[in-house]
Amino acid sequence: MRAVHGILHSLQGSAFVTTFMPADGHAPTANLSSPSIEATLQHLFDSAPRVALSPSDRVVIFSDFHLGDGGPRDDFRTNASLVRKVLRSHYLESGHTLVLNGDIEELQRFRLPAIRAAWKEMFDLFEEFRRARGLYKLIGNHDEALPRYGVEPGRPLLDAVRFTWRDDTLFVFHGHQATIFFERFNDVSGFFLRYFANSLHIPNVPVTYESRKRYRTEHRVYSFSSTRKIVSIIGHTHRPLFESLSKIDTIRFRIEQLCRDYPAVSPRARAAIETAIAGYRRELAKLWEKDREDGQRSSLYNAQICIPCLFNSGCAIGKRGVTAIEIADGTISLVHWFDPSRGERRHGGEEGPAHRLEGTPYYRTTIKQDRLEYIFARIRLLA
């Protein structure tokens, strides 16, 4: 079992980049600025349709639903009710355009007819968005076979989309395109997932479980985005990112800021800061234990100045709920939806107050939020 799990880890995400050994016996070194990946991302960018955003537009970006057949090996089942209710009662009613940023159907483990039969209500809901404020459906590595089933008129499948806000660009794509050898070995990965993982009851293994692969993917997208002074919004790794910062980075910056404020405030405010720092340290210790490799990096991208050009919507199959990226009123936000009745906790870090979605047990909180104008100004000045 352990050996098969290891094979699955290697096959997903960056395919065989860390598993093939050359004839000289030395492990290959990943090229973070591979010309082939650079060319792939540039072609993706150049060919993506452009959509202008007005100040009144509202957009929500989800990724990585991994819809299955509704059975016990379907990773979406746990959060299905939450996602349905949030989409219909919050985003559809408030006039959001829906962006599904890849890996919506889990075609590496299940057949499309079985997926559509199990989640008919979800697909009907997608169509309601299409008829209302619009739907953009992008392809990921786990649903890249969708075009083989045929594209219905009026329901295009996209590799990427470029939202323009004033003179700036938000480039939305799944993120697997920044992975070495993806195109060559994705079908092999699907074969193992369908015929080995399913039969052995192994759950979906996202790139997020492989810290080095995740880092390389994010670093490539970060480099591409910062040099072009654009914002990129991806999924794929299942790890929420805001302004190129992981949760570990965000907590560290917040602790540093509180330490700087501490000498200049009143004794009462100092007590509040001490309590806050103690909470952040507990959260940081948990994250460090969970992913020591990330914790030991002084900065995710090993740069003196972190350019706020990379965002990640996370996924819809998280154990603590669902994350998404929202764009509205000139701001961009990373939000977290969760169900406290299931014992789910908030994400931690800098989350604001939680607000209950009326008539449901579900809560929404904003992890981080910033104005697009400020983000792009920093990119232009720092990149």
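The values are calculated or read from the model by the stated rules, or taken from the named source; none is laboratory data. All figures in this text were calculated on a predicted structure; none of them were measured in a lab. Note that each Cβ is placed from the backbone with ideal geometry, even for glycine, and that neighbours are counted across all protein chains shown. When the accessible area is computed, the model is the full protein with side chains, heavy atoms only, and any ligands, DNA or RNA have been set aside. Shrake-Rupley method; radii C 1.70, N 1.55, O 1.52, S 1.80 Å.
Here are a few things to note about the model shown:
- Screening residue 133 against (1) closer than 22 Å to residue 90 by Cα; (2) open to solvent by 70 Å² or more (accessible area, probe 1.4 Å); (3) part of a helix (DSSP H, G or I) leaves a single unmet condition, (3).
- Counted residues, segment 228-272 - those being of a type outside the set (Phe, Trp, Tyr) and within 30 Å of residue 66 (Cα to Cα): 21
- The listed residues are 65, 110, and the only one of them that is part of a loop (DSSP other than H, G, I, E, B), within 18 Å of the chain's Cα centre (by Cα), surrounded by 19 or more Cβ atoms within 10 Å (Cβ to Cβ) and among the aromatic types (Phe, Trp, Tyr) turns out to be 65.
- Taking segment 315-332 as the range and being outside any strand (DSSP E or B) and not hydrophobic (A, V, I, L, M, F, W, C) as the test, the residues that pass are 319, 320, 329, 330.
- When residue 330 is tested against (1) open to solvent by less than 20 Å² (accessible area, probe 1.4 Å); (2) on the phi > 0 side of the Ramachandran plot; (3) at pLDDT below 90, exactly one condition is not met: (3).
- Annotation: of all residues in segment 241-284 being aromatic (Phe, Trp, Tyr) and open to solvent by 50 Å² or more (accessible area, probe 1.4 Å), the one that is nearest to residue 218 (Cα to Cα) is 253.
- For residue 292, the conditions (1) more than 21 Å from residue 66 (Cβ to Cβ); (2) modelled with pLDDT of 85 or more; (3) charged (D, E, K, R) are fulfilled apart from (2).
- Among the conditions (1) closer than 18 Å to residue 316 by Cβ; (2) open to solvent by less than 40 Å² (accessible area, probe 1.4 Å), the only one that residue 88 does not satisfy is (2).
- Hits in segment 355-371 (condition: in contact with a strand residue (DSSP E or B) (Cβ under 7 Å, 6 or more places away or on another chain) and surrounded by 14 or more Cβ atoms within 10 Å (Cβ to Cβ)): 357, 362, 363, 364, 365, 366, 367, 368, 369, 370
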